[in-house]
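A short worksheet on the structure shown next.
The values are calculated or read from the model by the stated rules, or taken from the named source; none is laboratory data. A quick note: this is a predicted structure, and the numbers were derived from the prediction, not measured. Note: ideal-geometry Cβ built from the backbone for every residue, glycine included; neighbour counts use all protein chains shown.
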Amino acid sequence: MEPTNDTSLPDAGNPTDTGIPSAKTDGIAIDPRVARTRRSIWQALLDLTRAEGFHAVSVAQIARRAGINRSTFYAHFPDKHAVVRAELARLLRELRARQEQPTPESMARFDPQKPHPNALRWFTHVAAHEAFYSAVLVSGELAQFEGEVAALFTSWAEARLREWPGDLKPEIPVQALIAASTAMNLGLVRWWLAQDPRPSLGEMALIQQKLQSQGIWPLLGLRAGR
C-alpha cells in the first residue's frame, strides 16, 4: 500500500538494475565474495529451472553451472529450496529499503492521477527481476513459492498498518483487506508480465493506485487526496 505521491521522494530506480546482492543482510555485512557466490548459485538455479523445471534440477547441476563444487554450495545453502527463499527475502529487503513509509500528511497530498514514486518503484523492481516474478507468477516454473511471496507481502502490509500513526476504522476485517491487497498486487504483476505489448511503468502505477485508493484504502478508513 503506497498512499502518497509526494514528488520530493527519491527516484524510482533504474528498471534495468541488475539486482546485485546488497553488502548487508539483516544489518550484517557480507563479504563481497560470498555475495558473488550466492548470486552465481541463484542465477544457475534460475537458468536451469527455466530450461528443465525446478523439480528436475539437482544440486550437482547447480554447482556445476555456477562454477563451484557441491561442498561450496552446501556451505551457503542446505538445499535448492533455500536458494529461492534467500533470493526472495533479498528482493523484498531491497524493495522495502526503497519505499517510503506513508503518513497522514502524505496521504492528504495523494493525487491518484499522478504516478506515485512508491508505485513506480514496485513495478520498476518487478521489471528488474522479471525472470523471478515470471517464474513464480506467469510461467509456473517456481509456482510453489507463490504462497511464500504472498505471505511476505502480507507480513509487510501488517507491519505498515501497525506503524500507522492513528486509529483505523475498517469497514471489514483488516486481515481480509490485507489479503485482498496482496492478491491484487500480485495479480497485477501476473497480468502485466503476460501482456504483449506491456503497459508502461507509469500506466501500471496509475492502475495500482486507482485500485488501492478507490477500494482498499476507503475500506480501511483511510482518506486519500485533498
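When the residues of the stretch 122-162 are narrowed to those that are of a type in the set (G, A, S) and closer than 17 Å to F54 by Cβ, which ends up surrounded by the fewest Cβ atoms within 10 Å (Cβ to Cβ)? Break it down into steps so the answer makes sense when it comes.
Applying the first criterion (of a type in the set (G, A, S)) to the stretch 122-162 yields 127-128, 131, 134-135, 139-140, 143, 147, 150-151, 155, 157, 159.
From what is left, the residues that are closer than 17 Å to F54 by Cβ are 131, 134-135, 139-140, 143, 147.
Working: A131: 17, S134: 19, A135: 19, S139: 14, G140: 13, A143: 13, G147: 10.
My answer is G147.
Can you name every residue in the stretch 72-97 that is among the hydrophobic types (A, V, I, L, M, F, W, C), in a helix (DSSP H, G or I) and surrounded by 13 or more Cβ atoms within 10 Å (Cβ to Cβ)? Break it down stepwise before answering.
Let us first name the residues in the stretch 72-97 that are among the hydrophobic types (A, V, I, L, M, F, W, C), namely 73, 75, 77, 82-84, 86, 88-89, 91-92, 95, 97.
Cutting the leftovers down to in a helix (DSSP H, G or I) gives us 73, 75, 82-84, 86, 88-89, 91-92, 95, 97.
Correct list: F73, V83, V84, A86, L88, A89, L91, L92, L95.
Restricting attention to the stretch 194-226, which residues are crowded, with 19+ Cβ neighbours inside 10 Å, of a type in the set (G, A, S) and over 17 Å from T124 (Cβ atoms)?
Answer for the stretch 194-226, where residues must be crowded, with 19+ Cβ neighbours inside 10 Å, of a type in the set (G, A, S) and over 17 Å from T124 (Cβ atoms): S213, A224.
I need a count of the residues in the stretch 41-71 that are aliphatic (A, V, I, L, M), more than 27 Å from the chain's Cα centre (by Cα) and surrounded by 15 or more Cβ atoms within 10 Å (Cβ to Cβ).
Restricting attention to the stretch 41-71, the residues satisfying the condition of being aliphatic (A, V, I, L, M) are 41, 44-46, 48, 51, 56-57, 59-60, 62-63, 66, 68.
Next, from what is left, pick out any that are more than 27 Å from the chain's Cα centre (by Cα): 60, 68.
From what is left, the residues that are surrounded by 15 or more Cβ atoms within 10 Å (Cβ to Cβ) are 68.
So the answer is 1.
Checking the condition assigned to a helix (DSSP H, G or I) and more than 21 Å from A86 (Cβ to Cβ), which residue from W156, W164, W191 passes? Step through it out loud before you land on a result.
Details: W156 fails: more than 21 Å from A86 (Cβ to Cβ); W164 fails: assigned to a helix (DSSP H, G or I).
After applying the criteria, what remains is W191.
D196 passes all but one of (1) within 29 Å of E105 (Cβ to Cβ); (2) of a type outside the set (F, W, Y); (3) assigned to a loop (DSSP other than H, G, I, E, B); which number fails?
(1)
Any residue in the stretch 32-45 that is farther than 18 Å from S58 by Cβ sitting within a Cβ distance under 6 Å of a residue that is at pLDDT 95 or above? List the pairs, counting only those 6 or more apart or interchain.
R38/H76
Taking the condition of a type outside the set (K, R) and out of contact with any Gly (no Cβ under 9 Å at 6 or more places or on another chain), does L137 pass?
Against the criterion (of a type outside the set (K, R) and out of contact with any Gly (no Cβ under 9 Å at 6 or more places or on another chain)), L137 does not qualify.
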